[in-house]
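The values are calculated or read from the model by the stated rules, or taken from the named source; none is laboratory data. Worth saying up front: this structure is predicted, and the values here are computed from it rather than measured. Quick reminder, even Gly has a Cβ in these numbers, built from the backbone with ideal geometry, and neighbours come from all protein chains shown.
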């Protein structure tokens, strides 16, 4: 009997872009082969299909390659979206939040997390820039009963959560001391969820001759 060919996902456990891709795939119940990589030693197989060398990279059985995290999330939800993470009339708002997060907030997050690489300003300056986004999200969470767009999870929540988690953990004591209680609760619910636990399991780095690692 011919073995069914599965999609292949190149991933790195702690990368927020890879995390958001795994979240959508696990939620959608899509079975695939997971290849956990080491960033300093990227496999030739991944670089051959995505020369930019960043994770996540999804290779479909057809040979099609999707190497942007949001595109992987959208693809997963076209396969199955049981709780309507990505549906009208919310798509425009979802996309706007993701764009602002990725294009405006993420550069400040990088400077805050790696402040020693950006000595032009003190760490607190970069944190203050991140706080502007925290304030926006806090207001949205309050208005939407604990979620960003409506009174239930959407793609926006899951696309942003890994980045807010990363930012909070730069100085978790500071984050937990702030007045962003809605944001804290939103993040803690995520970290306590079964879905988060499932996508954060540790896997050994992929080796060419290893048995396949199936996910989720």
Filtered residues of the range 164-174 (kept if under 20 Å from the mean Cα position of the chain (by Cα), outside any loop (DSSP other than H, G, I, E, B) and without any contact (Cβ under 8 Å) to a residue 40 or more places away in the chain): 164, 168, 172
Complete set of residues in the range 196-216 that are in contact with a helix residue (DSSP H, G or I) (Cβ under 6 Å, 6 or more places away or on another chain), surrounded by 15 or more Cβ atoms within 10 Å (Cβ to Cβ) and at pLDDT 95 or above: 196, 199
If you take just the helices (runs of 4 or more DSSP H) that sit entirely in the range 1-116, which of them hold at least 2 residues that are within 13 Å of the chain's Cα centre (by Cα)? 16-28, 69-79
Looking only at the range 122-143, decide whether some residue is loosely packed, with under 15 Cβ neighbours inside 10 Å, farther than 28 Å from residue 57 by Cα, touching a helix residue (DSSP H, G or I) at 6+ places or on another chain (Cβ under 7 Å) and at pLDDT 95 or above. yes
Which of the residues belonging to the range 46-62 are over 18 Å from residue 15 (Cβ atoms) and touching a residue at least 40 places away in the same chain (Cβ under 8 Å)? 60, 61
Looking at the range 145-155, can you tell me whether even one residue there is at pLDDT 95 or above, assigned by TED's automatic domain parsing to the domain that holds residue 189, out of contact with any strand residue (DSSP E or B) (no Cβ under 9 Å at 6 or more places or on another chain) and outside any loop (DSSP other than H, G, I, E, B)? yes
Hey, residue 133 hits all of (1) within 30 Å of residue 45 (Cα to Cα); (2) in contact (Cβ under 8 Å) with a residue 24 or more places away in the chain but one; which does it fall short on? (1)
